[in-house]
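Please treat every number below as a calculation from the coordinates, not as lab data. Here the structure is a predicted model, which is why all the values come from computation and not from measurement. Here Cβ is always computed from backbone atoms with ideal geometry, including for glycine, and neighbour counts include all displayed protein chains.
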Amino acid sequence: MRVLITLVAMSSGCAIDALDYAGKSCPCYEGWTCECGQCVQANDCAPRITATGFRVGWTTPNTIRWEWDPDPAASAEEFQRYEVCVSTADPEGEESGTTKVWTAADNAELGGLGLSHVGGPFDPVRATVTDGLVDETSYWGQLRAFDNVGCSWASPVVTALTEVEPKDQNEAVLFRDVLLGDPFPVPDVHLVADAALAYRGSAYLGYDPACNDPMPSCQCCESARVGGMMADISGVAFDVDKTAFLELAVATPEPSAWSTVYFALLNNGVEEFWRFEPYSLSPAADGSYRVLQIPLSALSNDNSETLTQADIALPLSQFAINGNWALDGHLRIDEVRIRW
């Protein structure tokens, strides 16, 4: 009799709550979408922040630069944040792997719609670099955007393969423990002999911005550089448009949304500058170094030309990094080299 009563009760309108698949690994059931390798309930609202053309800008052994085309109609009032998921797992959940969600806590630019760049027009955030990756490894990435009313948008998944780690002898060292040229500005840029605070070895380049830039709107927009060098980098010529890259370890106490990394080559007594910008610098979570790797093929001059074998035959006369630094900040730069 009790069984019969139970069956009648079940058949007379009792409903079973819908299952909650939030956070479960993909693949997902109907009504749920796969984002960042996990199930997310499908939006019932129209996201106000979207993007197009999510793609790989470049790869090095330990970094991937992800790029996208932001919506020109997006407003800062409606924007909440970007996230980039990077994983070695199958995006549909059929194979396991490691996944990390990069947020503004990792790369500060992901927390804004535009880059802070004094003296220039509004420049929307259109890229981020994920570092600390494993060389010669296949990753997939996905861009997510969130608006101020809780609606989210996700890009298609894009795959990338990091480059092979170069052999140790394939390098041209520009700084390692000793100065090969003259630091500038003095005394702001100086050699610090402190193995505990160096990335490797016994010393690093310290930079304490004086914050006396003539632009009133940006008192700390300065360059830390070492000039007066005659470094031979001709060995990289055969690989200049392939996998060769500039590498430097940087520890910054505060983010610099707009930084420029550059070097100069000496051509008949005249310096020719090759730069990459903007590079958005953020502190490491533990206050240590982050390793920047920028392909030489991504550098350009004032005429938007890229490096050639003939250019690399010239001696390198200086290297530098500038940015909108924090007042009273102490920047550490170490292990500056070109690798291939």
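Couple of notes before you dig in:
- Taking a straight Cα-Cα cut-off under 26 Å and skipping sequence neighbours fewer than 8 places away in the same chain, the lysines within cross-link reach of LYS242 are LYS167.
- Placing +1 on each Lys and Arg Cβ and -1 on each Asp and Glu Cβ, with no other charges, gives the stretch 173-294 a dipole about its Cα centre of roughly 200 debye.
- Remark on the chain: Rg and Dmax equal 24.4, 103 Å (Cα only).
- Only Lys, Arg (+1) and Asp, Glu (-1) charged, at Cβ; the chain dipole about Cα centre in debye: 460
- For the stretch 197-213, the residues whose amide N sits under 14 Å from a probe point set 7 Å from the Cα of VAL178 along the beta carbon direction are 202-203.
- Amide hydrogen neighbours beyond the local backbone of ILE233, cut-off 5 Å, H modeled: LEU316
- On the beta carbon distance between GLU78 and THR98, with R0 = 35 Å, the FRET formula returns roughly 0.60.
- Between the helical axis of 2-11 and the longest alpha-carbon principal axis of the chain there is an angle of about 60 degrees.
- Estimated 222 nm signal from helices in the chain, with DSSP H stretches of n ≥ 4 weighted -39500 (n - 2.57), rounded to 500: -1000 deg cm²/dmol
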